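The values are calculated or read from the model by the stated rules, or taken from the named source; none is laboratory data. Computed from a predicted structure; not experimentally measured. Please note: Cβ atoms are built from the backbone with ideal geometry, for glycine as well, and neighbour counts cover all protein chains shown.
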């Protein structure tokens, strides 16, 4: 079945350091992946996405890596800032099966000043 | 603000009452989604619309839940005879079919059933 999981429930980093948030997925048919950031009391905010025909995609201060061999997804945040503190979710979609996203449980990122 | 909006932002109700939530998607988006999120968990898919047609419903959407999108623009989610287990954040998202499919979320409606 479809499932998305996260290796680390909480990640603490020092301001200015790089952060890496990991995600494992089990459905090899998933062809679209998204990272969302969610701050307390707010809805998920789109960060970056990647399709299964890509291995890497870069945005502003963020990079998503996709390893289809081991079904692993990661989000790298460069020069982490206090404003990056939030819960981060990875989500997957199998477009052949419709448009729903399947979310993992989330990783809490705490940035220490 | 051209993002997804949801109303109300918070709702407290007594068990057994009916509640209705509204979602206004990004204006050019023809797909609209409802998700539910409980504390410490990721959002769970409930249902989605393309224009006014409801194309998929999760098994989580019991017969007490009904969603509509009558004119293909805003959507409502109604919960009848609320139960304490319905307490959650109800999230709406929208996307544009054929334009990347990225789903953009609203701020959510937090429901507390007493």
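Counting only residues that are within 11 Å of residue B:94 (Cβ to Cβ) and more than 9 Å from chain A (Cβ to nearest Cβ), give me the strands (runs of 3 or more DSSP E) lying completely in the stretch B:2-53 with at least 2 of them.
Those strands (runs of 3 or more DSSP E) span B:19-24, B:31-37.
Yes/no per residue for (1) surrounded by 14 or more Cβ atoms within 10 Å (Cβ to Cβ); (2) assigned to a strand (DSSP E or B); (3) touching a strand residue (DSSP E or B) at 6+ places or on another chain (Cβ under 7 Å); (4) touching a residue at least 60 places away in the same chain (Cβ under 8 Å):
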position	(1), (2), (3), (4)
A:60	no, no, no, no
A:65	yes, yes, yes, no
A:76	yes, yes, yes, no
A:80	yes, no, yes, yes
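Could you tell me how many of the residues in the stretch A:8-21 are away from every other protein chain (no Cβ under 11 Å) and in a loop (DSSP other than H, G, I, E, B)?
5
What number of residues within the stretch A:92-113 satisfy the criterion of being under 17 Å from residue A:9 (Cα atoms) and facing chain B (nearest Cβ under 7 Å)?
Number of matching residues: 4.
For the stretch A:14-29, enumerate the residues that are surrounded by 21 or more Cβ atoms within 10 Å (Cβ to Cβ) and modelled with pLDDT under 90.
A:25, the sole residue that qualifies.
Hey, residue A:110 hits all of (1) within 20 Å of residue A:38 (Cβ to Cβ); (2) within 13 Å of the chain's Cα centre (by Cα) but one; which does it fall short on?
(2)
Restricting to the stretch A:22-57, give me the number of residues that are assigned to a strand (DSSP E or B), more than 14 Å from residue A:107 (Cα to Cα) and away from chain B (no Cβ under 11 Å).
So the count comes out to 5.
Please work out if residue B:74 is more than 13 Å from every other protein chain (Cβ to nearest Cβ) and either surrounded by 15 or more Cβ atoms within 10 Å (Cβ to Cβ) or within 17 Å of residue A:100 (Cα to Cα) (or both).
yes
Quick grid of which residues meet (1) more than 14 Å from every other protein chain (Cβ to nearest Cβ); (2) surrounded by fewer than 20 Cβ atoms within 10 Å (Cβ to Cβ); (3) touching a residue at least 60 places away in the same chain (Cβ under 8 Å); (4) within 23 Å of residue B:26 (Cβ to Cβ):
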position	(1), (2), (3), (4)
B:65	yes, yes, no, no
B:70	yes, yes, no, yes
B:78	yes, yes, yes, yes
B:87	yes, yes, no, no
B:93	no, no, yes, yes
B:110	no, yes, yes, yes
B:114	yes, yes, yes, no
